[in-house]
Structures are given as C-alpha cells and as structure tokens.
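Okay, structure first, notes after.
The values are calculated or read from the model by the stated rules, or taken from the named source; none is laboratory data. Just so you know, these numbers come straight off a predicted model, no measurement behind them. Note that we place each Cβ from the backbone using ideal geometry, even for glycine, and neighbour counts take in every protein chain shown. Calculation scope for accessible area: heavy atoms of the full protein, side chains included, ligands and nucleic acids excluded. Shrake-Rupley method; radii C 1.70, N 1.55, O 1.52, S 1.80 Å.
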Amino acid sequence: MNNPSLDEIRNILQQAKRIAVVGLSNNPERTSYMVSQAMQNAGYEIIPVNPMIDEALGVKAVKSLKEIKGHIDIVNVFRRSEHLMDVAKEFLEVDADVFWAQQGVVNEEVYHLLKEKGYPVIMDLCIKVAHSITKS
C-alpha cells in the first residue's frame, strides 16, 4: 500500500472544497472533531456523516454518504479499520473523488479495491497534518 506523493496530496487538497467526514463526533474533545474543525477553519465545507448525531461544527449531520446532495471531493474516514469496507462500498455508490482514511486506519483489501477502480486512496495519514505540511 502506497499513499500518493506529497505533491499529489497537495494537489488533492488544493482542488478539494467539500469533505464528507464519516464518523465525525459532535464532542469537541474527540480527534475527529478537532481535525474537522481545523479543516473547516481552513475553508473546507465539512459534511458530518454519523447516524448517532444531529449536527457537528454547526452543520446538520447525515446518516450516510448516500444522503449527501452534490459532489464530494474527499471522503475522510474516522472509523476503525474493520469498518472501512462498508464505507468503501458506499463510497463507490456516490459522486466522490478521494477516499482518505485517518491516521491508524488501514485496510489493504479496501485499498486494492478502490485503487483498481481508479480512485486516489490515502490511508493512515491525518488530513490536518497533510494539509499543514503541504500548504504553500
């Protein structure tokens, strides 16, 4: 499994505007909240995807990726590795460009499935850290 180069990641982040965050918590002390808030503050539209909450970061949450209207640039996943295949299957059913699993989240089967279908896949990398080290 190989993530894109830093230049490719920079391009992904520069092109992206909408990030659907699967597993986003409404608890400000959770990593998913802090990372998503930082990305929201950096100018990205954050769409919370979590059936257990009503809203996060001032945005109404949706229960699944399929409820999101319009194009999704990045699906950023804050779920345990064993749940990635379910998220990947839903990812394939929506209009999304990039599958991004947060730091510590890896699934080789999902990686190969999505790469074979031509999608950029990033795993085991924090989007906030990547944004910090690649912004010009």
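Compute the accessible area per residue over the chain, keeping the other protein chains in place, probe 1.4 Å, unit Å².
That works out to 53 Å² for each residue.
Return an integer: the convex hull volume of the alpha-carbon atoms of the chain, in Å³ per residue.
That works out to 99 Å³ per residue.
Under a plain spin-label model, where a point goes 7 Å from the Cα along Cα-to-Cβ, how far apart in nm are residue 85 and residue 126?
Using points 7 Å along Cα→Cβ, the separation is 3.0 nm.
Past the 29 Å Cα-Cα mark, which pairs from 66/117; 60/89; 63/117; 89/135?
89/135
From the Cα gyration tensor of the stretch 25-65, with a ≥ b ≥ c the square roots of its eigenvalues, which class applies: rounded if a/c is under 1.5, or else prolate if a/b is larger than b/c, or else oblate?
oblate
To the nearest 20 debye, what is the magnitude of the charge dipole of the chain about its Cα centre, counting +1 on the Cβ of each Lys and Arg and -1 on the Cβ of each Asp and Glu?
300
Leaving out ligands, DNA and RNA, what percent of the accessible area of the stretch 1-113 is carbon and sulfur, probe 1.4 Å?
45
Evaluate E = 1/(1 + (r/R0)^6) for residue 117 and residue 29, where r is the Cβ-Cβ distance and R0 equals 30 Å; express this FRET efficiency to the nearest 0.05.
Computed FRET efficiency for residue 117 and residue 29: 0.25.
Give me the one-decimal nm value for the distance between modelled label points at residue 1 and residue 52, 7 Å along each residue's Cα-to-Cβ direction.
Modelled inter-label distance: 2.2 nm.
Quote the relative contact order of the stretch 3-133 in percent (integer), defining contacts as alpha-carbon pairs under 8 Å separated by 6+ residues.
Relative CO of the stretch 3-133 lands at 24 percent.
Determine the percent antiparallel among the DSSP beta bridges restricted to the chain, to the nearest 5.
10
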